[in-house]
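Read through the structure below, which is laid out as structure tokens, and then see the notes.
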Amino acid sequence: MDADKISFFDNNLNNAFSLKEYNNYGNICVYVKNIDLKFINSVYNDFIEYMKYIVNKSLEISKKFNNNQFCVHIYLDGCTRKNFSLSLFKKINDVFMEGEDDILNTLYIYNKNPVCINIIKLVKQIMDKDTRKKIVIIKQ
């Protein structure tokens, strides 16, 4: 992905996605309430490429600490159905799980809204058994 596209997505998605080093792993933070599905749908293919870029950047952080996995944090506070698309989630999940290597360490889901439990149940059904074991739900 070229630098102009990376800059474009960094600027347009800075409130929805961030990348951090924590506990010797690269961590991708996803703030679901800040996801603009109309924007993502308008640049869908480039967005998927950007997600691959983010995964690679998180793995680069982890490799500095001799780890070959990364973590994902999904914050559901304030999200509604307009912020969530099951088909988009499936595609992003495929990007996170791409390849034969087991690169996901833990998937943290932060939830304080009981309504979001239904979304979590739905999402878990499309994940493979190994990934389901890596999900940690944190009720804040």
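The values are calculated or read from the model by the stated rules, or taken from the named source; none is laboratory data. Bear in mind that the values here come from a model prediction, so they are computed numbers and not experimental data. Virtual Cβ from ideal backbone geometry, glycine too; neighbours counted across all protein chains shown. Accessible surface areas use protein heavy atoms only, side chains included; no ligands, DNA or RNA. Shrake-Rupley method; radii C 1.70, N 1.55, O 1.52, S 1.80 Å.
Things worth noting here:
- Share of carbon and sulfur in the accessible area of the chain stands at 47%, probe radius 1.4 Å.
- Measuring nothing but how far apart in sequence close Cα pairs (under 8 Å, 6+ apart) lie, relative to its length, the chain scores a relative contact order of 23 percent.
- Segment LYS90-ILE137, length gained on full extension (0.36 nm per residue, minus Cα span): 15.0 nm
- Added length on full extension, which subtracts the Cα-Cα distance from 0.36 nm per residue, ASP101 to TYR22: 26.3 nm
- At full extension, LYS64 and ILE6 could sit 18.7 nm farther apart than now, given 0.36 nm per residue minus the alpha carbon distance.
- Restraint check, LYS5/LYS112; LYS38/LYS64; LYS57/LYS129; LYS52/LYS133, Cα-Cα greater than 32 Å: LYS5/LYS112; LYS38/LYS64
- For the chain, the mean residue ellipticity at 222 nm estimated from helices alone is -13000 deg cm²/dmol, where every DSSP H run of n ≥ 4 contributes -39500 (n - 2.57) and the total is divided by all residues, rounded to the nearest 500.
- Of PHE89, PHE70, PHE17, the residue with the greatest mean-square motion in the GNM of the chain, using alpha carbon springs below 10 Å, is PHE89.
- Summed over the residues of the range 10-140 and divided among them, the accessible surface reaches 59 Å² per residue at a probe radius of 1.4 Å.
- Sorting 122-132, 72-82, 49-59 by their mean Cβ neighbour count within 10 Å, with the most densely packed peptide first, gives 49-59, 72-82, 122-132.
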